[in-house]
Amino acid sequence: MNNSLGNTARLIGAGLRALLVLTLVCGVLYPLAVTGVAQLAFPDRANGSEITSGGRVVGSALIGQTYTLPKKDPTNAEEPAVPDLRWFQPRPSHGLGTNTLNTRYGLLVSGATNLAGDNEKLIQQVEAAKEAVVRDNSTPGHPVDPAAVPADAVTSSGSGLDPEISPAYARLQIHRVAERNHLPVARVEELVSAHTDGRILGFLGEPGVNVLRLNVALRALTAG
């Protein structure tokens, strides 16, 4: 009996010591080490790739935002959002959830519609989005050719949170943005070119334009 109690006590003691050691190593030392290395080597990414404008954080380079006009009735959830055409617009967002906290973006749960390519609802969404892109971006003397509308202008990404658009979609918006902000078209073209990122290592992925970074630069240009 005494030997059994002694063995049990030793096992419990060993287990408690292992628990304390593993808690210290895995729950304290390892997170501190990883956090410290991240803050030293990649401080921007470690802190959420925040983007600032006017001395305040306006978003993350990793999460898409919408740029819409204020609602006439903020309490009316059924009132459709109207894009603010002074700004470059992102991809459409059709996710799995709704957002009741951060009104700057229409998603709380990341995800796509998961609708098949021949789904009638998806077809209607794409056709309506294409009509809106053509209508909103056509300016006097520069009508948008429906055949020139890129796919990312009318479809959401797999996550629904894509912060980038294709260079083709950014260029399609140049004349509209220039007109709405009373800027020379050439100046807006330079802005888009300066914010177009190439492929990673020159061959991975596709070129893209971060919409938030581009609009922050546009704000600075119009403010100046």
Notebook entry, point to check: Got a sec? Charge dipole of region 50-223, +1 on Cβ for Lys and Arg, -1 for Asp and Glu; which of 146, 166, 51 is way out at the positive end?
Noted result: 51
Next item on the list: State, as an integer percentage, the relative contact order of the chain based on alpha-carbon contacts under 8 Å between residues 6 or more apart.
Entry: 18
Notebook entry, point to check: Pick the calculated Kirkwood radius over Cα pairs in Å for this structure from [x] 21.0; [y] 17.4; [z] 19.2?
Noted result: [x]
Check: What are the residues whose amide H is under 5 Å from the amide H of residue 160, where those residues sit 5 or more places off or on another chain and H is modelled from the backbone?
Finding: 111
Next item on the list: Using amide H atoms built 1.01 Å from N in the peptide plane, name the residues 5+ places from residue 68, or on other chains, whose amide H lies under 5 Å from its own.
Entry: 84
Notebook entry, point to check: From the residues 200, 89, 31, which one has its Cα farthest along the dipole of the chain in the positive direction, the dipole being from +1 and -1 charges on Cβ of Lys/Arg and Asp/Glu about the Cα centre?
Noted result: 31
Checklist line | Residue-wise HN-Hα coupling along region 45-52, computed from phi with Karplus coefficients 6.51, -1.76, 1.60 (Hz; x: Gly, Pro) | finding: 5, 5, 9, x, 6, 5, 10, 10
Margin query: For a quick check: with amide H placed at 1.01 Å from N, whose amide H comes under 5 Å from residue 53's, ignoring anything fewer than 5 positions away on the same chain?
Written below: 58
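Starting from the Cα-Cα distance between residue 118 and residue 26, subtract it from 0.36 nm times their residue separation and give me the gain in nm to one decimal.
Taking 0.36 nm per residue and subtracting the Cα distance, the gain is 28.2 nm.
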Margin query: Step by step: find N for region 2-43, compute 2.2 N^0.38 Å, then divide the Cα radius of gyration by it. What's the final number?
Written below: 1.91
Check: How large is ³J(HN,Hα) for each residue in region 166-183, as worked out from phi by the Karplus curve 6.51 cos²θ - 1.76 cosθ + 1.60 (θ = phi - 60°), to whole Hz, x for Gly and Pro?
Finding: 6, x, 5, 5, 5, 5, 4, 8, 4, 5, 5, 5, 4, 5, 5, 9, 6, 10
Checklist line | Nearest-20 debye value, the chain charge dipole, Cβ charges on Lys, Arg, Asp, Glu | finding: 820
Next item on the list: Within the chain, what's the longest run with no trypsin sites (Lys or Arg not before Pro) in a DSSP loop and at most 12 other beta-carbon atoms within 10 Å? Give the range, please.
Entry: 73-198
Check: Which helices of the chain meet both criteria: a Cα extent of 27 Å or more along the helical axis and a mean Kyte-Doolittle score no lower than -0.5, with helices taken as whole DSSP H segments?
Finding: 2-24
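No lab work stands behind these numbers, since they all come straight from the coordinates. The structure presented is a predicted model; accordingly, all values stated were derived computationally and were not measured. Cβ coordinates were reconstructed from backbone atoms using ideal geometry, including for glycine residues, and neighbour counts include every protein chain displayed.
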